[in-house]
There are 4 protein chains.
Amino acid sequence: MKRLKVSILGASGYGGAELLRRLFQHPLVEVVGIGSRQYESQPLEACWPQFAGLSSLIFEDTATIIEKCDLLFSAAPHGSATSDVKAALQSGRKVVDLSADFRLRPDTYRYWYKEEMHYPELYPQAIYGLCELHRQEIYGANLISNPGCHTTTANLALAPLAAAGLLGDDIIVNSATGISGAGRSAKVNNLYSEVNENYVPYSLAGTHRHTGEIEETLGRVKAMGRQLKTHADFDPVMVSFNPYRAPMTRGILASCYTKSPDSNISEEKLLDLYQDFYSGEPLIHVSSSLPETKAVFGTDRCILSVRYDQRTGHIIALAATDNLGKGAAGQAVHNFNLMQGYEESLALIRQAVWP
Amino acid sequence: MKRLKVSILGASGYGGAELLRRLFQHPLVEVVGIGSRQYESQPLEACWPQFAGLSSLIFEDTATIIEKCDLLFSAAPHGSATSDVKAALQSGRKVVDLSADFRLRPDTYRYWYKEEMHYPELYPQAIYGLCELHRQEIYGANLISNPGCHTTTANLALAPLAAAGLLGDDIIVNSATGISGAGRSAKVNNLYSEVNENYVPYSLAGTHRHTGEIEETLGRVKAMGRQLKTHADFDPVMVSFNPYRAPMTRGILASCYTKSPDSNISEEKLLDLYQDFYSGEPLIHVSSSLPETKAVFGTDRCILSVRYDQRTGHIIALAATDNLGKGAAGQAVHNFNLMQGYEESLALIRQAVWP
Amino acid sequence: MKRLKVSILGASGYGGAELLRRLFQHPLVEVVGIGSRQYESQPLEACWPQFAGLSSLIFEDTATIIEKCDLLFSAAPHGSATSDVKAALQSGRKVVDLSADFRLRPDTYRYWYKEEMHYPELYPQAIYGLCELHRQEIYGANLISNPGCHTTTANLALAPLAAAGLLGDDIIVNSATGISGAGRSAKVNNLYSEVNENYVPYSLAGTHRHTGEIEETLGRVKAMGRQLKTHADFDPVMVSFNPYRAPMTRGILASCYTKSPDSNISEEKLLDLYQDFYSGEPLIHVSSSLPETKAVFGTDRCILSVRYDQRTGHIIALAATDNLGKGAAGQAVHNFNLMQGYEESLALIRQAVWP
Amino acid sequence: MKRLKVSILGASGYGGAELLRRLFQHPLVEVVGIGSRQYESQPLEACWPQFAGLSSLIFEDTATIIEKCDLLFSAAPHGSATSDVKAALQSGRKVVDLSADFRLRPDTYRYWYKEEMHYPELYPQAIYGLCELHRQEIYGANLISNPGCHTTTANLALAPLAAAGLLGDDIIVNSATGISGAGRSAKVNNLYSEVNENYVPYSLAGTHRHTGEIEETLGRVKAMGRQLKTHADFDPVMVSFNPYRAPMTRGILASCYTKSPDSNISEEKLLDLYQDFYSGEPLIHVSSSLPETKAVFGTDRCILSVRYDQRTGHIIALAATDNLGKGAAGQAVHNFNLMQGYEESLALIRQAVWP
């Protein structure tokens, strides 16, 4: 079978490296182009020593790598490659966009990003790529908007409750993430000397942009159940989303607290609900044990569990992902497989590196 | 001034090491005895290389070190030294007990520890040593029950709200801790290879023993305000307490979520409330910035802040401590200073090691 | 093609987990048995949460898993499974032994392990599995003795110099390793609280058992060049081997210092020598950049470089491996592939997880 | 006693923070000024959250803080504050300079720094502040050049051998350091995501600038013994210095390998030699156990030991320091105490934070 030619914009970021780790192993793909302003004309290993001796790719300019490819992965930061995405689409190429550019409805986008969506005319063709819930509309799509890392994790944790009408009025998401989510940019806050032995809250109390994504997806689930359509009608569900940085490179653990309107629940019933909801999903594991981030380190899986606090009536839904895997590059490749109609797990990683 | 003779039971644990780091610097104290079953007859440095060349203490048996001292710090694990504490008290010595043995009312103790309190006859003289809130009754006490680490942190975060009648019906505490809280015991779960790059929930949903301590203290604050009496009447306040292990040695960040019954609040008012409540406290700092654990690493301080999520109406109270400092040994020495009527900050540590 | 049935003894250790991560992906293998005294009768995920939902294997007793298999991987600690290895061999099964039981000549073994080799009668059939240097005799072998982690790393660094006659009289190996080399055993020294922010020398100055392995292999290279025979004659080369524990889970960096007898050398010539020596090796990468352990994290590769200190005349040979990959499980699977005559890179991992 | 007024240039760097942690506790010092280009006009806590609530200092411009003080600590990077140091000296103030500007003889400086010394006319009054070996000439000095971190550690390890004539022709220093030595500057290589799980060689084989400092000090010891004069005659001793970055914030472990010209040595004799050489030193501890960096974390101590490899004849001298303590700020305060004729341990830290 002929391999599909793909290029990666933003290949010098962590999301880019993780795309390469998967796409180099993909039996139906040939990576033909990698882009990075900073490393243009340099070999891949100048940026990523782990690929030394394994690839002869050279970073090239954006126009060149788009020209070469059938499909573009854009892992460049929010807002920086929107016009490239547009150009790729206009020249008939498909795009998987890992940025936030097309994740929200234009009005929600304006609220959270304090600016207008760059190309709102493209939004109607953008499919929100939370694979488990948008699978049907991803097949054949031209533009996938790959979800955020906190978002993916919280939504997978809360979706079964939303679908079953078990979300209470108050939904609190306490989401702890590794530092790689902040990217490979040189900021003092991200230095080892600042991060090690430090647990840090940030963008609390309704100020983090991922809030909008969580609210839209939960709204869709409430309206449509398990098979979502990006562009159907729905009302968002309000959530208090609160992110924290744990001193680690990878991993997100979302702890989602709500109080069920239905008092006739138990941990056992809740686990059954989750098992049913995600039955057959190749990248989801529902466990009666509490999920921990190391069990998904380096992978594209999400491990879920749920607890019920009988004393207070709270449901606690928990999800662990690798923010660069299921939370970024892994889901992007999953979306790619679904778009193309390939076996959907091709090149995805399920076995964590432990220890 | 003559130095008071103190001994330390459980000096081979992390709490013990932190007691020594403070008491060796205390101008009114002489450490005369250190106890540890495992290291008996060995020099201090066999257990703690950081004290090599700085002390000639030898670990001795319990009876000997009690005999030598005027006051005993007991840092032995829960339940393991209760009879030694009793013996020390009966021979006229004062005790600061870092274990959970006398932290709860006997009925609450039975509920959370699944056993009877060992010497309930001692409980009436035990003073709960949350220094900022029990200061008056600590002076002159014979037996201090030093609070737990999660407990101290959550209670300092929530007390101003409890006192001001701003706690809602639902109170969720999401408390992330470093691994040293698990002690120096050799367990697979605590190995570096298991902890690094791992964020782990444990004892969620009303199953962690610190829940009872939080509920009792908040109940006292609700009933008595800022000056608490351990043995006065009160009704506990129900809390959903949920602990997590972050991949770090030290530090606790408690995130406490509640929805105020009073809708006329703002972040500014809340910060004022916290500033007032802790005005003049030498070890508390209320900040408009978000607290992070590194800012209290190695110290006996607690840094607090509070946020208000206008969209959802949630108050988020945040507190950072070092679980071994303010959460254990530092508070024990603070209690000791208060008991003895010394200047209360003697030998306490306020400047964190950063980076 | 029919899959070969393999079993793994000691599957609850870190080496065992890494064998599973590779063998589950091996197209010609079926893992039929896993053994562990501690976890007998429990499912794999009770020990390894990362495999939850990915395997239905149950830990079984040693006799059962040997009975089921065509070939046995023994990842049990040194000395604990020697009789099981013997039994497996006697019943006609092949064995890849990851322990030190058959790594040394009986007299060298006695010197370093302070005891007699358990079954010296098996030693003549044991092939020392440093794949790059023993490839020819590994094909068709029945018993492979898989090299140690420090050993593999130091020997790959020094072999080209030994073969070229460039080793001086003094050879100093300074080898820094991650803590996972100490295994999954619960020891205080291996706790996160003890390891983080700690760099620790151990077994210095000719007291570490890996010294003997390094000396034997370098002796063989000096006598035989690039194609070694385990049981041919040779004189060991004396080395001062000095190991250190760095605060990380995985990775070894060996720094090997020697002063060439040949003064007509340069960094460029040395790099050429290394490139030639390892030309065509699928798991070796010789780089002009300095190797770092993260570039091989989770992999079965070794990255090498060499420096020449013109001022002092020292050659510094450097090698980075993952102690659990190329230093243990990865090399074991490489040996397995060679024994069986399979394509030698099957199921081996070359792309590191970065970050 | 009236407190001496001191100011700190470069107070926003890690060395600056550590100076503050000590000087705020110094009974004879008042910190009157702090300088930092980046934080000018901002309060101390904007830069260092750990001092929030503990100080009301504001960052000011260089001229102002020099004007205010009796003595200046300059913790600004190499070359950036040389003219400020000159101005402070010319206006009659004393200076402790933590940079490399005056650490080397002008010709050695030119060799290692590839430029001329900025103010060679000041060099004759600069005293090299390795406290244990230059104590006599530090008293009363106007300008102290505070040694480098790798340098201090290696020199303390090797000085006893140099003084006793036990250095061989070859001296190899393998020095592993925490990342904080690279400063608080935002570079990709220093990000948590790059540093964690990574052990990295850098500037090997005679290319690191600290080499010159080690060679000069060992030369002085060889010529003068235990009481050194910065400006006396001596011949440097050649050393192969090789630094590595371990994944930790703080700590240096120097491993120094040499082969004694005297064959009549033993570990016991060497330990005696070290004990004698450092007898009475308040910040040095010679141990028969192997030193580890955690035992000096956060302190101004150096723990030393020595091993003898009987098989190969190598002496291995080992020293552990905290690069920011004894390796920088702690030694600077030690120098300050000596200059002023104060009790030399004032405000120095001897008890490590463990765990």
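Read-outs throughout are calculated quantities, based only on the coordinates presented, and are distinct from any laboratory measurement. Every value quoted in this text rests on a predicted model; they were computed, and no experiment measured them. Please note: Cβ atoms are built from the backbone with ideal geometry, for glycine as well, and neighbour counts cover all protein chains shown.
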Quiz item: Per residue, what volume in Å³ does the convex hull of the Cα atoms of the range C:189-246 enclose?
Solution: 107
Exercise. Once you have a ≥ b ≥ c as the square roots of the Cα gyration tensor eigenvalues for the protein assembly as shown, tell me rounded if a/c is under 1.5, and otherwise prolate or oblate according to whether a/b is larger than b/c.
Key: rounded
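Ranked highest first by the average count of other Cβ atoms within 10 Å around their residues, in what order do B:116-124, D:323-331 fall?
Numbers: B:116-124: 15.2, D:323-331: 30.0.
My ranking of the peptides, most packed first, is D:323-331, B:116-124.
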Quiz prompt | Distance from the range C:273-333 to the range B:232-277 (C-alpha centre basis), Å | solution = 52
Quiz item: Hey, for A:R37 with labels 7 Å out along Cα-Cβ, what do the inter-copy distances come to in nm, ordered shortest first?
Solution: 2.4, 6.1, 6.4
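Show me A:240-250, C:234-244, A:338-348 ranked by packing, highest mean number of other Cβ atoms within 10 Å first. Could you put the intermediate results ahead of the total?
Numbers: A:240-250: 26.7, C:234-244: 21.8, A:338-348: 17.8.
Highest mean packing first, the order is A:240-250, C:234-244, A:338-348.
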Quiz item: Taking Cα centroids, how far is the range B:5-56 from the range C:84-156 in Å?
Solution: 47
Quiz item: Across peptide A:44-54, what mean number of C-beta atoms from other chains lies inside 10 Å of a residue's C-beta?
Solution: 6
Practice problem: Quick one: grab the alpha carbon gyration tensor of the range B:206-340, order the square roots of its eigenvalues as a ≥ b ≥ c, and give me rounded if a/c is under 1.5, else prolate or oblate depending on whether a/b is larger than b/c. | Solution: rounded
Self-check item: Degrees separating the helix A:210-224 axis from the principal Cα axis of chain A, which is the longest one
Solution: 60
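Rounded, prolate or oblate: which fits the range B:64-143 when a ≥ b ≥ c are the square roots of the eigenvalues of the alpha-carbon gyration tensor, with rounded for a/c under 1.5 and prolate only if a/b beats b/c?
Details: a/c = 1.90, a/b = 1.19, b/c = 1.59.
Oblate.
In percent, how large is the relative contact order of chain C, given Cα pairs closer than 8 Å and 6 or more residues apart? Please list the in-between numbers first.
Details: 803 pairs, mean separation 63.0, N = 355.
This gives 18 percent for chain C.
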Quiz prompt | Highest-MSF residue in chain D out of D:N196, D:N335, D:N155 [GNM, Cα springs under 10 Å] | solution = D:N196
Quiz item: If the cut-off is a Cα-Cα distance under 15 Å, which aspartates and glutamates reach D:K326, setting aside same-chain residues fewer than 8 apart in sequence?
Solution: D:E18, D:D97, D:E132, D:E281, D:E292, D:D300, D:E344
Practice problem: Give the residue from A:A163, A:G183, A:G219 lying farthest towards the positive end of the charge dipole for the range A:156-288; charges sit on Cβ (+1 for Lys and Arg, -1 for Asp and Glu) and the dipole is referred to the Cα centre. | Solution: A:G183
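Let me confirm one metric for peptide A:175-181, namely the mean number of other chain beta-carbon atoms within 10 Å of its residues' beta-carbons.
Numbers: counts 0, 8, 1, 7, 5, 7, 1.
Counting other chains' Cβ atoms within 10 Å and averaging over A:175-181 gives 4.
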Quiz prompt | Listed residues C:F336, C:T207, C:P124: farthest to the positive end of the dipole of chain C (Cβ charges) | solution = C:F336
Self-check item: Residue mean of other protein chain beta carbons inside 10 Å, C:247-259
Solution: 6
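Using the per-residue mean of other Cβ atoms lying within 10 Å as a proxy for protection, in what order, highest first, do the peptides A:27-37, D:263-273 fall? Each step should come with its number before you reach the end.
On the way: A:27-37: 20.0, D:263-273: 13.8.
Highest-to-lowest ranking by the protection proxy: A:27-37, D:263-273.
State to the nearest 20 debye the size of the charge dipole of the protein assembly as shown about its Cα centre, where the only charges are +1 on K and R beta carbons and -1 on D and E beta carbons. Let's see the in-between values first.
Details: 128 positive and 152 negative charges, 1 e Å.
Computed about the Cα centre, the dipole is about 0 debye.
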Quiz item: For the range B:58-167, with only Lys/Arg (+1) and Asp/Glu (-1) charged at the beta-carbon, what is the dipole magnitude about the Cα centre, in debye rounded to 20?
Solution: 280
Exercise. Pop a pseudo-label 7 angstrom from the Cα along the beta-carbon direction at both D:E281 and C:R226 and give the gap in nm to one decimal.
Key: 4.9
Quiz item: In degrees from 0 to 90, rounded to the nearest 10, what is the angle of the helix C:149-163 Cα long axis to the longest principal axis of chain C?
Solution: 40
Quiz prompt | Listed residue (D:L348, D:I303, D:L283) projecting farthest to the positive dipole end of the range D:267-348, Cβ model | solution = D:I303
Practice problem: Would you calculate a helix-derived [θ] at 222 nm for the protein assembly as shown, using -39,500 (n - 2.57) for each DSSP H run of n ≥ 4 and dividing by the full residue count, to the nearest 500? | Solution: -8000 deg cm²/dmol
Quiz item: Quick one: helix C:267-277 against the long Cα principal axis of chain C, what's the angle to the nearest 10°, folded into 0 to 90?
Solution: 40
Quiz item: Nearest 20 debye, what's the magnitude of the dipole of the range A:127-261 about its Cα centre given +1 on Lys and Arg Cβ and -1 on Asp and Glu Cβ?
Solution: 300
Quiz item: Quick one: label points 7 angstrom along Cα→Cβ at C:R226, distances to the other copies in nm, smallest first?
Solution: 5.6, 5.8, 8.1
Quiz item: Shortest first and in nm to one decimal, what separations exist between B:P124 and its copies in the other chains, measuring from label points 7 Å along the Cα-to-beta-carbon line?
Solution: 8.1, 8.4, 8.5
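Which pairs, out of B:K86/B:K187; A:K294/C:K294; B:K222/B:K269; A:K5/A:K94; A:K68/A:K94, put more than 21 Å between their alpha-carbon atoms? Provide the component values of the computation, followed by the final result.
On the way: B:K86/B:K187 30 Å; A:K294/C:K294 17 Å; B:K222/B:K269 19 Å; A:K5/A:K94 11 Å; A:K68/A:K94 13 Å.
From B:K86/B:K187; A:K294/C:K294; B:K222/B:K269; A:K5/A:K94; A:K68/A:K94, over 21 Å: B:K86/B:K187.
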